[in-house]
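To start, the structure itself, in structure tokens.
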Amino acid sequence: MFRSSLMPTASRAPRRITDNLGQPRVLIEGRVWGKSEGLGPSVSGPFASHIVGSRPGMRDPRQRLVDMDHEGIDVAIIFGTSIALTVNGLQVKPLAGAICHAVNCWLLEYVAADRKRLKAVGLIPCQDPPAGLGQRAGVPGAKRRGDGHAP
């Protein structure tokens, strides 16, 4: 789904790579996003002592609901993927717009598991404000109260 929504920018689609420390990263526009050491925009975990590595709920919305119940969380605001922290640093406007569209489609699919408990924050390409407006209208089934972008 992701690659098909990037057409005609598919050749520039993000690629997963492994860095020098064996950590997964994303290659976009010839740059590695998500630093594995030192100061940088990436967030790493685990965030709590009972979390070892990533949890299934990070990718599976039904499992996320189980995790939320276990931790006493009623509603989760879903900001998308690690791409959300990098897309507004991209230089190619059409690529940024295509990535935002793909992330927004994924978000809607993810929160469909329980729209009362999982809330999506749409991603807009700040490089191209008119395309950002198109994102608000261009994702089928979207009923947004807000959109997000990294400052």
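The values are calculated or read from the model by the stated rules, or taken from the named source; none is laboratory data. In this text the structure is predicted, and so the values were computed from the model without any measurement. Ideal geometry is used to build each Cβ from the backbone, glycine not excepted, and the neighbour counts take in all protein chains shown.
Data for the structure
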item	result
Tally, over region 18-33, of residues that are aliphatic (A, V, I, L, M) and either touching a residue at least 40 places away in the same chain (Cβ under 8 Å) or exposed (fewer than 12 other Cβ atoms within 10 Å of the Cβ) (or both)	3
Answer residue from region 93-151, given it is modelled with pLDDT of 70 or more and basic (K, R) and is surrounded by the fewest Cβ atoms within 10 Å (Cβ to Cβ) among those	K116
Flag for I77 being on the phi < 0 side of the Ramachandran plot, modelled with pLDDT of 80 or more, part of a strand (DSSP E or B) and over 14 Å from the mean Cα position of the chain (by Cα)	no
